[in-house]
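For reference, the structure is listed below as structure tokens.
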Amino acid sequence: MTVRVQTQDFDVGAEIARLRGDPKVGAIASFVGLCRDVNDGEAVAGMSLEHYPGMTERALEDIVAKARSRWDLIEVSVVHRVGPLKPTDQIVLVVVSSAHRGEAFAACEFIMDYLKTQAPFWKKEDTPTGSRWVDARESDDHAAGRWKTGKG
């Protein structure tokens, strides 16, 4: 398991390639989250992500451990950026390897859903009307909640 919180960008291809070395791997699923130039209908010039060092990494490790307890996974990598970001910048990468695609897809989606709702990150967007802190979305809570009901 790899969990990193960093300011520098990451190389998606290199991160995926790192998980391909085990001959038991039959599937790799990945997700890349990007900074957009609009949110809730308002232009976004950039944003800044803050976190609690140490606490954030532990929260991400706990999320990965929950995924590993649900699915037979070979390897998981989560990379999340913090600091100032501009539109089109990469923010987060989740890569999951397993013997079968279904487990890889499900675990990747689960990790992202839980990351959005349970990882201690704080996002501030820069808009034409000033900076604003971004609140949690009800849709993110709903997405994470479906895993608790077993529907995910």
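When you check Ser30 against the structure, is it more than 17 Å from the chain's Cα centre (by Cα) and farther than 22 Å from Val134 by Cβ, yes or no?
no
Going by the conditions given, is Thr88 modelled with pLDDT of 95 or more, on the phi > 0 side of the Ramachandran plot and not charged (D, E, K, R)?
Yes, satisfied.
Considering each residue of the stretch 107-127, count those that are in contact with a Phe, Trp or Tyr (Cβ under 6 Å, 6 or more places away or on another chain) and of a type in the set (A, V, I, L, M, F, W, C), and give that number.
Of the residues in that region, 4 qualify.
Hey, can you tell me all the residues within the stretch 77-89 that are of a type outside the set (A, V, I, L, M) and buried (at least 17 other Cβ atoms within 10 Å of the Cβ)?
Ser77, His80, Arg81
Before we move on, is Val94 buried (at least 18 other Cβ atoms within 10 Å of the Cβ), at negative phi and either charged (D, E, K, R) or within 17 Å of the chain's Cα centre (by Cα) (or both)?
yes
Of everything in the stretch 92-119, what is over 23 Å from Gly145 (Cα atoms) and in a strand (DSSP E or B)? Give them in sequence order.
Ser97, Ser98, listed by residue number.
Of the numbered conditions (1) touching a residue at least 60 places away in the same chain (Cβ under 8 Å); (2) under 18 Å from Ala104 (Cα atoms), Asp62 fails exactly one; give the number of that condition.
Condition (1) is where Asp62 drops out.
Looking at Ala136, Ala119 in this structure, which one is closer than 15 Å to Gln6 by Cα and hydrophobic (A, V, I, L, M, F, W, C)?
Ala119
The values are calculated or read from the model by the stated rules, or taken from the named source; none is laboratory data. Everything quoted here is computed from the prediction, not taken from an experiment. Don't worry about glycine lacking a Cβ; one is built from the backbone with ideal geometry, like all the others, and counts go over all protein chains shown.
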